[in-house]
Amino acid sequence: MTKVLDSNWSQLGVSAVTTGTVAALVSAAALAALAKAEGKGALQPLNATSHWVQGDAAAKVEAPTARHTLVGFATHHLSSVLWAGFFEAWLARNPPRSMWELLRDAFGMSGIAAAVDYGATPHRFTPGWELALSKKSMAGSYIAFAFGLAAGALVSARAREAAQAAWSETTPLLRG
């Protein structure tokens, strides 16, 4: 029983990292595009995410720097993995039967993330996008995050299926 629980937890962890990475990349690309559309530097929203360490002035930095961009993206990526962990746990208990249900659940999780990020989190620990983007663009970034969660969940599910198929093929050899 413990081995099964350990396997489920590690599988959830791998799924969270996979889904979170896809969601982080999709939303980071959206943040860059939205910033450019507003006439700002493409990296400003990610640089702004480093405001928890560098202060609110981080949102004004347009150039890539380790201090701002690396810290900002690492923070964004880790928070995406956290939200993806909640999302993957939800999907494990409530598997979607269609693409529409997967998207519905992804948009629900993204909405919860937005509400927590900007409604329950102290300013210092928000994503910081409000320092660099309009509210409309912030909403767009959470829409992109939802699509990233859904795409990541699909990638994660395919990887799980491939691993299970490979295991099924090798198991008879081990019993042999």
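How about segment 1-59: which helices (runs of 4 or more DSSP H) wholly inside it have at least 3 residues that are of a type in the set (S, T, N, Q) and modelled with pLDDT of 95 or more?
2-37, 44-49
For segment 33-67, what are the residues that are crowded, with 22+ Cβ neighbours inside 10 Å and touching a residue at least 60 places away in the same chain (Cβ under 8 Å)?
L34, A35, Q44, P45, N47, A48, T49, S50, H51, A58, A59 - these are the residues of segment 33-67 that are crowded, with 22+ Cβ neighbours inside 10 Å and touching a residue at least 60 places away in the same chain (Cβ under 8 Å).
Here's the yes/no breakdown for (1) crowded, with 18+ Cβ neighbours inside 10 Å; (2) in contact with a Gly (Cβ under 8 Å, 6 or more places away or on another chain); (3) β-branched (V, I, T); (4) more than 20 Å from G20 (Cβ to Cβ):
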residue	(1), (2), (3), (4)
H76	yes, no, no, no
V116	no, no, yes, no
P122	no, no, no, yes
G140	yes, no, no, no
G152	yes, yes, no, no
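Got a sec? Which of E101, E88 is farther than 15 Å from P45 by Cβ, crowded, with 17+ Cβ neighbours inside 10 Å and of a type in the set (D, E)?
Going through E101, E88 in turn, just one is farther than 15 Å from P45 by Cβ, crowded, with 17+ Cβ neighbours inside 10 Å and of a type in the set (D, E): E88.
Among the residues of segment 55-91, what is the count of those that are more than 20 Å from S15 (Cβ to Cβ) and either within 15 Å of the chain's Cα centre (by Cα) or of a type in the set (K, R) (or both)?
Here the count works out to 6.
The values are calculated or read from the model by the stated rules, or taken from the named source; none is laboratory data. Keep in mind the model is a prediction, meaning the values are calculated, not measured. Quick reminder, even Gly has a Cβ in these numbers, built from the backbone with ideal geometry, and neighbours come from all protein chains shown.
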